[in-house]
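Notes follow once the structure below has been shown.
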Amino acid sequence: MTGSFNIAEDHKPKDGLTISSPSGIKSQTAVTYFSLGGNTDISAETYARPVIYIGAGGIGTFNIGSGSGGKSTELKPGEMLMIPSGTLCGISTEKGFVYTEIMPGKEINMNNEVKPGEIFKLSNLVPYEEGSIVNMDVASNDAMKFVIMAFDDGAGLSPHRAPGDAIVFALEGKAVIGYEGQDYPIKEGQAFRFEKNGLHAVTAVGRFKMALLLMLK
């Protein structure tokens, strides 16, 4: 797929069904789009590795832990939740929920501003700076990096190539992505996928924030 796309629109919930769709990203890190129909759930499970969830559409309730130490929290579009390895977690929804699941192949280093098991809005993690681009590494290991970026009006990344597949999640505002000689507009709620070594650039149209999931292996 070349061009901007909308994860929530492309994976609309269907009544009574839970649907998982591979992203096609080539990496040690598994990236999957999930769609949960109204009044469906995924039973509580634990994984031997951490899991990152990014809300794309609707609202999902995450039941984390068990017994007196357990808690429930809601994930909405543009928000992120990281569940540590070995932590019991189940997901349910009343009206439908679409999200991206990122499952690294090994443990990850998390920014100190991000607390495991807590919901946070991605666009709130970085401020705008006049005439500048602001970056924050949210999570990383030797196979992947998840970064939040804030672009002032007109700021941009010059054409370059990445060492692996990548996905841009537009969080706020608008931009133009140049990819292999073509320009593609992108706006809040949309995403864009780069292939390994694909020549690309990003230019903000007004102020713009995005998340970048970059594969290194």
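The values are calculated or read from the model by the stated rules, or taken from the named source; none is laboratory data. Predicted model, so just to flag it, every value in this text is computed and none were measured. In this analysis, Cβ positions are derived from the backbone assuming ideal geometry, glycine residues included, and neighbour counts consider all displayed protein chains. SASA here: full protein model, heavy atoms, side chains in, ligands and nucleic acids out. Shrake-Rupley method; radii C 1.70, N 1.55, O 1.52, S 1.80 Å.
Things to note:
- Among (1) among the charged types (D, E, K, R); (2) assigned to a strand (DSSP E or B); (3) closer than 19 Å to residue 25 by Cα - the single one residue 209 does not satisfy: (3)
- Meets criteria (in contact with a helix residue (DSSP H, G or I) (Cβ under 9 Å, 6 or more places away or on another chain), of a type outside the set (Ser, Thr, Tyr), under 28 Å from residue 198 (Cβ atoms) and open to solvent by less than 20 Å² (accessible area, probe 1.4 Å)) for residue 80: yes
The rows are residues; the columns are (1) out of contact with any His (no Cβ under 9 Å at 6 or more places or on another chain); (2) surrounded by 20 or more Cβ atoms within 10 Å (Cβ to Cβ); (3) farther than 20 Å from residue 114 by Cβ.
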site	(1), (2), (3)
140	yes, no, no
146	yes, yes, no
152	yes, no, yes
155	yes, yes, yes
158	yes, no, yes
173	yes, yes, yes
177	no, yes, yes
185	yes, no, yes
204	yes, yes, yes
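- For region 41-66, the set of residues classified as open to solvent by 20 Å² or more (accessible area, probe 1.4 Å) and touching a Phe, Trp or Tyr at 6+ places or on another chain (Cβ under 7 Å) consists of 56, 58, 59, listed by residue number.
- Among (1) polar (S, T, N, Q); (2) under 22 Å from residue 210 (Cβ atoms); (3) part of a strand (DSSP E or B), the one test that residue 43 misses: (2)
- Of residues in region 148-174 being in a loop (DSSP other than H, G, I, E, B) and without any contact (Cβ under 8 Å) to a residue 60 or more places away in the chain, the one farthest from residue 128 (Cα to Cα): 163
- Verdict on residue 111 being more than 15 Å from the chain's Cα centre (by Cα), open to solvent by 30 Å² or more (accessible area, probe 1.4 Å) and either over 24 Å from residue 37 (Cα atoms) or polar (S, T, N, Q) (or both): yes
- Failed item, numbered, when residue 59 is tested on (1) out of contact with any strand residue (DSSP E or B) (no Cβ under 6 Å at 6 or more places or on another chain); (2) closer than 25 Å to residue 187 by Cβ; (3) of a type in the set (Val, Ile, Thr): (1)
- For residue 38, the requirement of being surrounded by fewer than 21 Cβ atoms within 10 Å (Cβ to Cβ), touching a strand residue (DSSP E or B) at 6+ places or on another chain (Cβ under 9 Å) and in contact (Cβ under 8 Å) with a residue 40 or more places away in the chain is met.
- Close contacts from region 65-91, counting a first residue that is at positive phi and a second that is part of a strand (DSSP E or B) and surrounded by 15 or more Cβ atoms within 10 Å (Cβ to Cβ), with Cβ to Cβ under 6 Å and a gap of 6+ residues or different chains, come to 78/171.
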